[in-house]
Amino acid sequence: MIKYYYTDVETGEFQKIETLKPGSWIHLENPKTEEVEEISQMLGVKKSMLLSVIDNDERPRIDEEGDCTMLLLDVPITTNKKSKPIITLPLGILVIRDDYIVTVSLQKYPILDSFIKGKVKEFYTYKKSRFVIQLIYQIAISYLSILRIIDQKIEATESKVLTATKNEELLHLLALENSLTYIITALRGNGVVLDKILKGNVIQLFAEDEDLLEDAIIENNQAIDMADLYRGILSSTTDTVATIISNNLNSIMKFLAGITIVLSIPTMVASFMGMNVKLGFWSTNPFAFILLLLLSLLISIIIAIILKKKNML
């Protein structure tokens, strides 16, 4: 899917356009091969640069080819998969001369929606350097938002740990821990790209852009520290959950063993009294059945008290 956006220089109005013009923002969302070829021929960009963004295994980097500079950054995305609740996907940002900015994404990214819906202040498609820095800043902010969600999930899981007897909570924590590993790797890769941009050799930086870029680097480093902290907490929490689940199961097994012993008493008494032998008093007493029940109950109570003192019930 190809979309064109443009900010009018005179009025400052941001709008979606049908015909490409200088100063436009071109966005490719999960593009098809023919769409990539169309943009490649239209803008004179190598097809390989556009296709590299579509590869999930591509790492954050900077690539320059003629009049085109490409920044490849990782963006955090939430999913509905329990095994991978949070993943990172590449976002390609191509600055083509002083004319166009092209963004390439594998799917719909919330950070791009914030630009399209006008939620980002002082955003103009014709201000290429500022647009790139604003994108970088929004990516850094999105990582912090994702990390807050992870923190909430950790707290929610911890509240269920004390009564957990299944592996579900443990698997949930392991999935979050794996997500944090991907996030830390992506953040560090993005950090390398940001440091190169700050040196001023990648895109032209103005004074106000440098301030925003420095803020983005600070946010990115803060996200790395938070992710490291949460991963450490998750690691220790996972070990604790595994121990608690094991202890809870042991307690249940111990309780069931105690109950089995107590309930076996009436069975034993009934078995002895049901033997095919003369029972004397018991065979002629009309209250024998009631007396046997009371005897069984008494012995069971005594056994239960003993087991309770031994912390088996």
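The values are calculated or read from the model by the stated rules, or taken from the named source; none is laboratory data. The shown structure was predicted, so the numbers you read here are calculated from the model rather than taken from an experiment. In this analysis, Cβ positions are derived from the backbone assuming ideal geometry, glycine residues included, and neighbour counts consider all displayed protein chains.
Observations on the model:
- The set of residues in the stretch 197-216 being part of a helix (DSSP H, G or I), in contact (Cβ under 8 Å) with a residue 60 or more places away in the chain and surrounded by 15 or more Cβ atoms within 10 Å (Cβ to Cβ) consists of Ile197, Asp209, Leu212, Leu213, Asp215, Ala216.
- Any chance Ile26 is surrounded by 12 or more Cβ atoms within 10 Å (Cβ to Cβ), closer than 30 Å to Ile184 by Cα and within 31 Å of the chain's Cα centre (by Cα): yes
- Filtered residues of the stretch 96-117 (kept if in a strand (DSSP E or B) and at pLDDT 85 or above): Ile101, Val102, Thr103, Val104, Ser105
- Screening the candidates Leu176, Leu72 for the property of being in contact with a Gly (Cβ under 7 Å, 6 or more places away or on another chain), closer than 22 Å to Gln222 by Cα and crowded, with 17+ Cβ neighbours inside 10 Å yields one hit, Leu72.
- Looking only at residues in the stretch 37-61 that are small (Gly, Ala, Ser) and surrounded by 15 or more Cβ atoms within 10 Å (Cβ to Cβ), the one that is farthest from Val75 (Cα to Cα) is Ser40.
- Subset of the stretch 206-229 (residues that are out of contact with any helix residue (DSSP H, G or I) (no Cβ under 6 Å at 6 or more places or on another chain) and either among the aromatic types (Phe, Trp, Tyr) or modelled with pLDDT under 80 (or both)): Phe206, Ala207, Glu208
- Matching residues in the stretch 58-89 - criterion: being basic (Lys, Arg) and without any contact (Cβ under 8 Å) to a residue 40 or more places away in the chain: Lys81
- Residue match in the stretch 256-265 (condition: touching a Lys or Arg at 6+ places or on another chain (Cβ under 9 Å), in a helix (DSSP H, G or I) and small (Gly, Ala, Ser)): yes
- Test for Ile233: is it closer than 21 Å to Ala140 by Cβ, modelled with pLDDT of 80 or more and under 29 Å from the mean Cα position of the chain (by Cα): no
- The set of residues in the stretch 118-156 being within 30 Å of Glu38 (Cβ to Cβ), of a type in the set (D, E, K, R) and modelled with pLDDT under 85 consists of Lys119, Lys127, Lys128.
- Residue match in the stretch 230-244 (condition: out of contact with any Cys (no Cβ under 7 Å at 6 or more places or on another chain) and either under 20 Å from Val132 (Cα atoms) or assigned to a loop (DSSP other than H, G, I, E, B) (or both)): no
- Test for Lys160: is it of a type outside the set (A, V, I, L, M) and either touching a His at 6+ places or on another chain (Cβ under 7 Å) or over 17 Å from Leu212 (Cα atoms) (or both): yes
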